[in-house]
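Asks: The structure under discussion is supplied below as C-alpha cells; questions concerning it will follow.
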Amino acid sequence: MTWILFDWLGTFAFAVSGAMVGLSRRMDIFGIVVLAILTAVGGGMVRDVLVGITPPVALSNPTDLMLSVATAVLVSVIYAYFRINRGSKQIAGFLYHACDTIGLASFTVTGALVGLRQGGPGSAFVLPVMLACITAVGGGMLRDLMAQRMPVVLRMDVYAVASLFGAFLMCLSWPTLGTAVSSWIGFLSVLVLRGLALHYGWQVYHPHPRRRAVRPFQRRKKQP
C-alpha cells in the first residue's frame, strides 16, 4: 500500500511537470502527453529493466500510463482557459517546482523500496540508493532531452543529491523502523532538502578555472 501511494503521487506530480514543460515549449497536445508520460513513467521503466522486471510495470499494469495521459489532458485544458499574466506566471512557476519536488521525493521512495526488496547481502545501500536516484531523475532527464534542453539534474540546484540523501536515510532506517516509517522519512527528507535548496538558491559545486591575478597598471618605459 505504501508503494502504491507514493507511486500514484509521483506519477501525478511528474505528469503535471512534464505537461507544463511541453506547454512552455509550445508543443501540441500529442507532444505534451508524450512529455508527461516520459516524466512520469520513464525512470520507473528504466529501473524495472535494470532489476529484471519485464515487461516494465508501466506496460503490464497501465494505470500509471493512463493517469499520466489524463493529467496531461487536464493540464492542457486548464491552460487553454486560463488567462496568462505576470501573477499567473509566478503561480505556474511555483506549481512546476512544487510538483517536480513532490515527484522527486515520491519516486525516490518507490525506487528505494524496489531496491530494498530486490537486494541481497552486500547491496543494502548501493542497489536501493541507485535505483531510487534512477527512478526519481530518469524521467525528468528524458523529458528535458525531448524538449531540447540541458537536463536540470546536470546543471543546477540540489536535485539528484536530494534524492540520494533521502534514499540513504531510508536504507539506514528501514531495518529498524520498517517500510512505512522509513518511506516517510525518505519522502520528507527529499522534500525538505529540495525545498530549502530552491528557497535559498543552493547549488552543487561548479568547478571553474582560477583566474589570473590582475596586476596593477604599470607605466610603459619610454623607448630611447
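Asks: Using a 1.4 Å probe on the protein chains only, how many percent of the accessible area of the chain belongs to carbon and sulfur?
Replies: On the chain, the fraction of accessible area on carbon and sulfur atoms equals 68 percent.
Asks: Longest segment of the chain with no trypsin sites (Lys or Arg not before Pro) in a DSSP loop having at most 15 other Cβ atoms within 10 Å?
Replies: Longest site-free region, per DSSP loop and neighbour criteria: 84-148.
Asks: Something else about it: Ordering ILE53, ILE32 from largest to smallest accessible area (1.4 angstrom probe), what's the sequence?
Replies: ILE53, ILE32
Asks: Would you please classify the overall shape of the chain from the alpha carbon gyration tensor, given that a ≥ b ≥ c denote the square roots of the eigenvalues, rounded means a/c under 1.5, and beyond that prolate means a/b larger than b/c while oblate covers the rest?
Replies: Judged from the Cα gyration tensor, the chain comes out oblate (a/c at least 1.5, b/c at or above a/b).
Asks: Continuing with this model, one more query. Work out from phi, with θ = phi - 60° and the Karplus expression 6.51 cos²θ - 1.76 cosθ + 1.60, the ³J(HN,Hα) of each residue of region 20-25, listed in order in whole Hz, and give x for Gly and Pro.
Replies: The phi angles translate into 5, 5, x, 5, 5, 8 Hz.
Asks: Sequence gap at least 6, Cα distance under 8 Å: using those rules, report the relative contact order of the chain to the nearest whole percent.
Replies: Once normalised by length, the contact order is 22 percent.
Asks: Give, rounded to the nearest 20 debye, the magnitude of the charge dipole that the chain has about its Cα centre when Lys and Arg contribute +1 at Cβ and Asp and Glu contribute -1 at Cβ.
Replies: Here the size comes out at about 2160 debye.
Asks: Under a crude label model (7 Å from the Cα following the beta-carbon direction), how far is ASN61 from GLN118 in nanometres?
Replies: 1.5 nm
Asks: Further question: Let me check the size of region 1-121 from its C-alpha atoms; what are the radius of gyration and Dmax in Å?
Replies: Just the Cα atoms of region 1-121 yield Rg and Dmax of 15.4, 56 Å.
Asks: Measuring from label point to label point, each 7 Å out along Cα→Cβ, what is the ALA70 to ARG25 span in nm?
Replies: 2.6 nm
Asks: Rolling a 1.4 angstrom probe over the protein heavy atoms, how many square angstrom per residue are accessible across the chain?
Replies: Solvent-accessible surface per residue comes out at 60 Å².
The values are calculated or read from the model by the stated rules, or taken from the named source; none is laboratory data. What you see is a predicted model; the values in this text were computed from it and never measured. Note that we place each Cβ from the backbone using ideal geometry, even for glycine, and neighbour counts take in every protein chain shown. Side chains are part of the model used for accessible areas, which takes the heavy atoms of the whole protein and leaves out ligands, DNA and RNA. Shrake-Rupley method; radii C 1.70, N 1.55, O 1.52, S 1.80 Å.
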